[in-house]
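The values are calculated or read from the model by the stated rules, or taken from the named source; none is laboratory data. Since the model is a prediction, treat every value here as computed from it, not as a measurement. Every residue, glycine among them, receives a Cβ derived from its backbone with ideal geometry; neighbour counts consider all protein chains shown. Accessible surface areas use protein heavy atoms only, side chains included; no ligands, DNA or RNA. Shrake-Rupley method; radii C 1.70, N 1.55, O 1.52, S 1.80 Å.
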Amino acid sequence: MDPLRPARVEELKHLIGIYKQFLPQSIQFVSLLQNILRTNLTLHDTDKEQVSHRLQKTVYIPNNEKGNRLATFVAISREEDLFIFMNTLEVPPTELTHALEHTTYIKWGIKPMFVIGDNSEIRAKLSQLIVEPKVQFESWSDCVNYWMPQTEAAKLSYIVPADVDLKPLQVQHAKQLNEWWPYRYRTSQQYFESAIKYFGAFGLFDKTSGELVACVFQNDHDAVGHLYTVPERCNRGYGCTLAKAITKHIAVQYKQDVHTFIDGNNERSIRLFNKIGYKAVSRTEWLVASKH
């Protein structure tokens with residue numbers, strides 16, 4: 001018997017409730033699980049056939065009759081864009097480690113990207129996993145999670161610079177966003193298309209030429225993501241306008257706290273989000289699994 005099984009809707013809601021008790025430090029788990037629940041409940045079967053595999057996640061919980069008291073979960077996207085998110089409240093993470101080693105739901109040969117919180121115990125156990133094929137983990141990104149409560153985020157106001165118009169992004173803009181993104185990969189444009197279509201996304205467009213010059217959207221963590229301004233238009237307040245606009249959108253549209261994650265070396269973005277009112281609360285690490 002597999003040590004994991006798909007969580008039912010009520011079990012996923014219960015899991016979210018557990019992690020809400022640990023806010024704001026648990027914001028990355030609360031937001032991720034809320035995004036998965038909402039996406040799975042609102043997407044029709046015909047949509048799921050076309051949406052990015054990164055948005056198609058299943059949350060798995062321990063396959064036992066004791067209930068998920070330790071809030072252990074593994075969330076897995078589909079194979080064309082394979083991300084694996086995990087956490088547990090158990091210290092040391094014995095239940096989670098056993099599940100990772102024995103589950104059949106993880107396709108180790110595809111070299112998935114693992115996403116974990118600021119948990120040295122889980123990080124250490126990952127490097128000791130006994131699985132086939134044997135894998136090793138390399139840190140791809142280590143970010144600080146920044147948080148703003150819903151009550152504050154919903155009250156944000158912003159001024160649109162005089163030389164641009166603020167508009168929702170359309171699916172056709174995904175190609176440009178993907179070209180700007182330095183971490184693009186084979187299926188990343190489809191991810192951008194799906195995020196724009198099903199979540200929130202804004203752009204600033206030059207009033208004279210109509211050209212897109214800055215962008216931001218709500219990513220699959222329900223976080224503020226991919227904030228970007230073309231280099232020649234920097235230092236004009238575009239980033240602040242877009243960050244506030246998408247933050248307010250998430251807070252008002254979904255009635256939830258808002259977060260973003262920023263590389264610790266990105267001083268420019270850190271200053272921006274601190275200025276808006278975000279607070280650093282925890283960390284998230286991305287790990288690439290590769291064959292030995």
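Assuming a ≥ b ≥ c are the square roots of the Cα gyration tensor eigenvalues, decide whether region 213-292 counts as rounded (a/c under 1.5), prolate (otherwise, with a/b larger than b/c) or oblate.
Cα axes put region 213-292 in the oblate bin.
By its C-alpha gyration tensor, with a ≥ b ≥ c as the square roots of the eigenvalues, how is region 1-78 shaped: rounded for a/c under 1.5, else prolate for a/b larger than b/c, else oblate?
Here region 1-78 falls in the oblate category.
With 31 Å as the limit, write out which pairs from Lys48/Lys275; Lys48/Lys107; Lys20/Lys248; Lys13/Lys175; Lys125/Lys255; Lys20/Lys48 have Cα-Cα distances beyond it, or answer none.
Among Lys48/Lys275; Lys48/Lys107; Lys20/Lys248; Lys13/Lys175; Lys125/Lys255; Lys20/Lys48, the Cα-Cα distance tops 31 Å for Lys48/Lys275; Lys13/Lys175; Lys125/Lys255.
Å³ per residue of the Cα convex hull, for region 48-137?
Hull volume normalised by residue count: 104 Å³.
Could you list which residues have their amide H under 5 Å from that of Ala7, counting only those 5 or more apart in sequence or on another chain, with H placed in the peptide plane?
For Ala7, whose amide H was placed from the backbone, the distant partners under 5 Å are Val59, Tyr60, Ile61.
Given N residues in the chain, what is Rg(Cα) / (2.2 N^0.38 Å)?
Normalised Rg, Cα atoms only: 1.01.
With a 1.4 Å probe and every protein chain kept in, tell me what percent of the accessible surface of region 150-280 is carbon plus sulfur. Walk me through the intermediate numbers first.
Working: 3050 of 6430 Å².
Answer for region 150-280: carbon and sulfur cover 47 percent of the accessible area.
With every protein chain present, what accessible area does Leu169 have (1.4 Å probe, heavy atoms only), rounded to the nearest 10 Å²?
The value for Leu169 is about 10 Å².
I'd like the antiparallel share, as a percent to the nearest 5, of DSSP beta bridges with both residues in the chain.
Counting only bridges with both partners in the chain, antiparallel ones make up about 90 percent.
Please name whichever of Val230, Gly210, Ala195 sits farthest to the positive end of the charge dipole of region 162-242, dipole taken about the Cα centre and charges placed at Cβ: Lys and Arg +1, Asp and Glu -1.
Ranked along the dipole, the leading option is Ala195.
Could you tell me the relative contact order of region 150-280? Use alpha-carbon pairs under 8 Å, at least six residues apart, and round to a whole percent.
So the answer I get is 26 percent.
Relative contact order of the chain, please, whole-number percent, based on alpha carbon pairs below 8 angstrom and at least 6 residues apart.
23 percent
For the chain, report the accessible area per residue in Å² (1.4 Å probe, heavy atoms, rounded to an integer).
Counting only protein heavy atoms, the per-residue value for the chain is 48 Å².
Taking amide H positions as placed in the peptide plane 1.01 Å from N, state which residues far from Arg283 in sequence (5 or more) or on other chains have amide H under 5 Å from it.
Under 5 Å from the amide H of Arg283 lie the amide H atoms of Asp118, Asn145, each far enough along the sequence or on another chain.
Treating only the Cβ atoms of Lys and Arg (+1) and Asp and Glu (-1) as charged, compute the dipole magnitude of the chain about its Cα centre; round to the nearest 20 debye.
460 debye
Is region 150-280 rounded, prolate or oblate when judged by the Cα gyration tensor, a ≥ b ≥ c being the square roots of its eigenvalues, rounded requiring a/c under 1.5 and prolate requiring a/b larger than b/c?
Verdict is rounded for region 150-280.
Counting alpha carbon pairs within less than 8 Å and at least 6 residues apart, what relative contact order, in whole percent, applies to region 48-102?
The normalised contact order for region 48-102 reaches 31 percent.
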